[in-house]
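The block underneath contains the structure these notes are about, expressed in structure tokens.
Read-outs throughout are calculated quantities, based only on the coordinates presented, and are distinct from any laboratory measurement. The model shown is predicted, which means the values in this text are computed figures rather than measured ones. Ideal geometry is used to build each Cβ from the backbone, glycine not excepted, and the neighbour counts take in all protein chains shown.
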Amino acid sequence: MKFTIGAAFAALAATTCMTTSAAMAETIKVGLLVPYSGVYAAMGKEIEDAFMLGLETYGKEVPGVTFDVIREDDEMKPQVGLAKTKKLILQDEIDVLTGIVSSGVTGAIRDTVHAAQVPMVISTSGNDEATGAQCSPYITRIGFSNQQVNRPLGTWLAEQGVKKVYTLAPDYAAGKQMTQAFVDAFKAAGGEVVASEYTPFQKTQDFGPYITNAKASGADAVYAFYAGGEAISFVKQYESFGAKAELPIYGPGFLTSQLYLEAEGAAAEGIVSALHYVPTIDTPENKAFVEAFKAKSGHLPSEFALQGYDAARAIIEAAKTGATDRASLAAALPKVAFTGPRGALTIDPATNNLIQPIYVYEIVKGENGATTQKVIATLPASADPANGCVMAAN
Amino acid sequence: MPIDPGFWVLQTLNALQLSMLLFLLSVGLTVIFGLMHFVNLAHGSLYALGAYVAATVAGLAGFGAGVVVAPLAVATLGAALYFLLIRRMRRAGPMAQVLVTFGLIFVAMDVTRMFWGDLPMGISVPAWLNGQLDFLGIEYPAYRILIIVLGLITLAALTLVLTRTQVGAMIRAGVDNDQMAACLGINVERMFFIVFVVGCALAGLAGAIAAPVLAISPDMGLQILIPTLIVIVIGGLGSLKGAIAGSLIFGFVQTFGAVLAPSLASILIYALLAAVLVLRPAGLFPTKG
Amino acid sequence: MFRHTRLRLITLALLAIGAVLYGAFTGYFGLEVLTEIAILAILVLSLDLVAGFGGMVSLCHGALMGTGAYAFAMLASDLGLSPAAAMAGAIGLTGAVAALIGAICARSHGIYFIMATLAFSQMGYSLVFESPWFGGDDGLSDVPRPDLSAIGLDLNDPRTFTFWCLAALALAYLVAAQVLRSGMGRSMVGLMHNEKRLRALGLTAWRVKAVAFGISGAIAGLAGVLAAQQTQYISPGLMAWTVSGEALVVVILGGLGTLVGPLVGALLFVMLRHEVSAFTPYWHAVVGMILVAVVMSRANGVYGWIEHRLSVRGAHGKPIEPEVENA
């Protein structure tokens, strides 16, 4: 009898425990805002695959919490992104918003997200303003910032003995932010910038005139930022001019992103660039991630995938502290810290910007003939300057 | 700004290269307009398709095969389009034809996405085209020279066919007055078909030629459409001379605009287009009729 | 010539009743969609005014809408004008810009006119995109909405704002219909059918075209002002030529030169996009195929087809004239 009572007590205790965790067993509604249509669809798919992989991998760590992911297509258009954000916040009543590739969309939705006090995890957009003058206690960056990638490379390049540089980038906000961050750091370290040229964004078919200009400029090297289709065109046309031997290319790693490396082929060989992630980082965390991602989607993860994966991880880390609703997630997200595939990550409390190491890598021919990234230096993590961010009390 | 003469030779070659690429695209479009009086807005999509076919074939059988197969494949598609849509629309007026081809742009873009995916592709050229040629003491990419030469050959061949052969005379007659030409016993319907298919083949060729220097992406057809339209409108729709003039003007304004006034580079060509249309509302070399 | 047949009046009444009922009872997202339809409808109305009744097929109406949006945002934010004054200023300014473009392009016809307007559209786009003065591709945020608290309306309430846009649409329609009935509107239609004859009669063609294009531009500017107020954020994407192309597609789908048809087109287009994109990522292909099918069917858009069927049966109204087959 005693035994039975004991058992009953145990059962009761168990039930109580169950109820406590049932109180925690809430659903976190996640709004995933990425492009799914048109030429950007591949990017959206990459982020979504990795985000779901992140939830599967780390979801076990928060038993009782389920994640309800609501996907929306922002078409890479600020207006559409804003309309979809309002829908996610007002109609779907999401607890946290993530994704967001375009800097334009980030700028467009910032005020809405801030006013609605919905936590937002920026996984991809590098818009400096979002953790600068436009920062908000509700916005946490888990991807990268434009200057974060370029600033260390400026210092590093000057240390390598490169004296005079010619910069090239498309004429839009990200192009200017990236170039400016590099130029400032490079000059501070004693380098000289011969000229900074900006090419019409997505309207330049022929980079020949600019490449010819660069060759005639007397610079030691070209520093170029291009992404997507423009990166492929630029890299291939640069190679055809045979200028790389005397005028090597450096630049933020979007120029040779994993997503476009295959299309660039041998033309990318020898380019030295820097990024917060490449799939060849030699750590056990990264190897596990690369294997899992390859098994899921059949190709190596790009930085877009990694960012989606870490966004999921960050939300789970926040949920581990017991946060499940907008207010508690907003408070917990800027405090997350973990070691992931790209190394140790922390969030700068002054701006809610990510602090992470930067990898300098060269594109080399790999074992099977395809090109791969060879990491040649790891630059230590350093926080971005506050850039006019005044964080309101949370 | 460097005063080295070699620099200006190089930039002139850059301008010529861009001009010739645009010429290959615009000449087909403009001759089709001259004969059939409608602008095939899907011409850019045919160019994109040429690039995709060239990339696929080049992966299997080498670059040369890609350059040969792409125009043929696009011409075949052009023939199908002609019988399915264009011929039926012949009497529906130019506006309707323009709109049908506008709809085709969207269809073509999504169809390429379904077949080849969303990620941009790239192909490499054979080693002998990969290097640089010594040209009057100046090094210039061999592949760009090939584009220039190919454009000039096409120009010469078309000029020859149009001015020296019977088919050319028929086409010129058709451009001037297609009803009169029909009365004279010319099979206008067949001529339309041939010109349309040849125009499509040239678009496919342009796509295959451009594939190694550009990113092959589903929207490349849309991106090239506006430059091509600018070329033929500046030159005057329907005239071969106009297509040459328009291509050269576009290539040189873009290239030297980028060199001399980079901040104005993207506005310059549109300002020029507006100016031409104000002064010559039907382009520089308008066709009669 | 434009006239209100019985069918057109019935359609207008049905559209108005439908919009009001839907607007009164739908949820948040439904209101967003309704606002989107209203703003697109104003834009395509302005385009139909010149394309359908003046033969001036323009590819710069997206840029004109953008001009209205930017002018409103900058007059209200940078110059500190009251939103009402900024609205009036933006609409007037867009009208003036459009009149200028219309005057410059007046001598061009057909594809040349399309290309000339495209040139202006692209110049505007590049200017806004590359100039930091207009916020570049980051766009401008904090665009205000007018304060109508004096008459007891709060435009920050989604439902009130939707009705504000619907009221603007009704106003734009009345203005467009009135313009078409005026002497100026008749001259414009006459110019489309036979420019030489009207010139011989002593009409100054370029002036009529410039005024018509200016009025159309002012209406497009109104659409831009509302678009800026809706999202309270604007970016150069508003001015891309594809926006103009899309507007043209909507006019064609609805029925060129019917004024009512484009309203139906805007409704169908927005609904189609939301429905189709929900189950396939290839919604562009679907829209493209529908466009091809509509044009191949030789009907003047969906609404033109309905008008034609009913007039053949002799059920309502008079048979419509074969307007603008060869614009």
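The angle between the Cα long axis of helix B:188-210 and the main principal axis of chain B comes to about 20°, on a 0 to 90 degree scale. Within the listed set C:Val251, C:Val128, C:Val175, the Gaussian network model of chain C (springs between alpha-carbon atoms below 10 Å) gives the highest mean-square fluctuation for C:Val175. In this structure, the amide hydrogen of A:Ile139, modeled 1.01 Å from its nitrogen in the peptide plane, lies closer than 5 angstrom to those of A:Met120, counting only residues at least 5 positions away or on a different chain.
Let me see the P(r) profile for the range A:284-377: every Cα-Cα distance counted, bins of 10 Å, each bin given as a percent of all pairs. Each 10 Å bin holds this share of Cα pairs: 14, 38, 30, 13, 4, 0.
Here A:Lys296 is the anchor, and the lysines within straight C-alpha reach of less than 19 Å, apart from those fewer than 8 places off in the same chain, are A:Lys45, A:Lys60, A:Lys287. Within 10 Å of the Cβ of each residue in A:352-359, the mean number of Cβ atoms contributed by other protein chains is 0.
Name the shape class, rounded, prolate or oblate, that the alpha-carbon gyration tensor gives for chain A, where a ≥ b ≥ c are the square roots of its eigenvalues, rounded holds for a/c under 1.5, and otherwise prolate holds if a/b is larger than b/c and oblate otherwise. Note, shape of chain A comes out prolate.
Projected label points at A:Ala327 and C:Ala24, each 7 Å from Cα along the beta carbon direction, are separated by 3.8 nanometres.
Cα centroids of the range B:1-60 and the range A:76-151: 40 Å apart.
Of C:Cys105, A:Cys389, the sequence from fewest to most neighbouring Cβ atoms within 10 angstrom is A:Cys389, C:Cys105. In chain C, taking the dipole from charged Cβ atoms about the Cα centre, the farthest positive-side position among C:Ala177, C:Thr204, C:Val251 is held by C:Thr204. Compute the relative contact order of chain A as a whole-number percentage, counting only Cα pairs closer than 8 Å that sit 6 or more residues apart in sequence. In percent, rounded to a whole number, it is 18. Per-residue ellipticity at 222 nm from helix content only, as computed over chain C with -39500 (n - 2.57) for each DSSP H run of at least four residues, stands at -24500 deg cm²/dmol. Treating r as the C-beta distance of C:Thr280 and A:Arg71 and R0 as 22 Å, the FRET efficiency rounds to 0.95. Please give the helix B:43-61 orientation as an angle from the longest Cα principal axis of chain B, in degrees from 0 to 90, rounded to the nearest 10. Between the helix axis and the principal axis of chain B, the angle is about 60 degrees.
Cβ-Cβ distance of A:Lys365 and C:Ala170, R₀ of 45 Å, FRET efficiency by 1/(1 + (r/R0)^6): the value works out to about 0.10.
In whole Hz and in residue order, list the ³J(HN,Hα) couplings for the range C:275-288 that follow from phi through the Karplus curve 6.51 cos²θ - 1.76 cosθ + 1.60, θ = phi - 60°; x for Gly and Pro. With coefficients 6.51, -1.76 and 1.60, one gets 6, 5, 5, 6, 10, 8, x, 9, 6, 4, 5, 5, 4, x Hz. Give the angle, between 0 and 90 degrees and rounded to the nearest 10, that separates the Cα long axis of helix A:303-320 from the longest principal axis of the Cα atoms of chain A. Helix A:303-320 and the main axis of chain A meet at about 30 degrees.
Label point of A:Ser297 set 7 angstrom out along Cα-Cβ; within the range A:307-342, amide nitrogens under 20 Å from it belong to A:307-316, A:340-342.
Relative contact order of the range C:6-239: what whole-number percent is it, with Cα pairs under 8 angstrom and at least 6 residues apart? Mind dumping the intermediate values first?
Numbers: 343 pairs, mean separation 92.6, N = 234.
Relative contact order for the range C:6-239 comes out at 40 percent.
Taking 16 Å as the straight-line reach from the Cα of A:Lys29, the lysines in range (excluding those fewer than 8 positions away in the same chain) are A:Lys84, A:Lys86, A:Lys87, A:Lys320. Any lysines with Cα under 22 Å of the A:Lys163 Cα? List them, leaving off those in the same chain fewer than 8 positions away. Leaving aside lysines fewer than 8 places away in the same chain, those within reach of A:Lys163 are A:Lys176, A:Lys187, A:Lys215, A:Lys244.
Along the axis of the charge dipole computed for the range B:5-279 (Cβ charges of +1 for Lys and Arg, -1 for Asp and Glu, origin at the Cα centre), the listed residues B:Val39, B:Val107, B:Ala169 are led at the positive end by B:Ala169.
Amide hydrogen proximity for A:Ala195: with H placed 1.01 Å from N in the peptide plane, the residues at 5 or more positions away or on another chain lying under 5 Å are A:Thr167.
Modelled this way, with points 7 Å down the Cα-to-C-beta line, the labels at C:Ala16 and B:Trp8 are 6.9 nm from one another.
The magnitude of the dipole of the range C:6-239, with charges of +1 and -1 set on the Cβ of Lys/Arg and Asp/Glu and taken from the Cα centre, is near 1480 debye. Springs join every pair of Cα atoms under 10 Å in this Gaussian network model of chain C, and among C:Thr160, C:Thr67, C:Thr35 the largest mean-square fluctuation is at C:Thr160. Taken one residue at a time, the phi angles of the range B:140-150 give Karplus couplings (6.51, -1.76, 1.60, θ = phi - 60°) of 9, x, 4, 5, 5, 4, 4, 4, 4, 4, 4 Hz. Gly and Pro are set to x.
Expressed as cubic angstrom per residue, what is the convex hull volume of the alpha carbon set of the range C:6-239?
Expressed per residue, the convex hull around the Cα atoms of the range C:6-239 is 130 Å³.
Shielding of peptide C:228-236 by partners, expressed as the average count of other chain Cβ atoms within 10 Å per residue Cβ, is 5. Positive end of the dipole of the range C:6-239 (Cβ unit charges, origin at the Cα centre): among C:Tyr28, C:Ile17, C:Met239, the Cα lying farthest that way belongs to C:Ile17. Taking every C-alpha pair closer than 8 Å and separated by at least 6 residues, the mean separation divided by the residue count of the range B:5-279 gives a relative contact order of 39 percent. Computed from the Cβ-Cβ distance with R0 of 22 Å, the FRET efficiency linking A:Ala288 to A:Glu26 stands at 0.15.
Please average, across the residues of C:134-140, the number of beta carbons from any other chain that are within 10 Å of each residue's own beta carbon, and give a whole number.
On the way: counts 0, 2, 6, 13, 14, 6, 1.
Partner-chain Cβ atoms within 10 Å, mean over residues of C:134-140: 6.
Given springs between every Cα pair under 10 Å in a Gaussian network model of chain A, which of A:Leu90, A:Leu275, A:Leu33 has the largest fluctuation? Evaluated over chain A, the most mobile residue of the options is A:Leu90. Ordering C:214-224, B:116-126 by mean Cβ neighbour count within 10 Å, with the highest value first, yields C:214-224, B:116-126.
Distance between the modelled labels on C:Leu272 and A:Asp184, one decimal in nanometres: 4.8 nm (7 Å Cα→Cβ projection).
A P(r) calculated from all alpha carbon pairs of the protein assembly as shown, with 10 Å bins opening at zero, reads 2, 11, 19, 23, 21, 14, 7, 2, 1, 0, 0, 0 percent.
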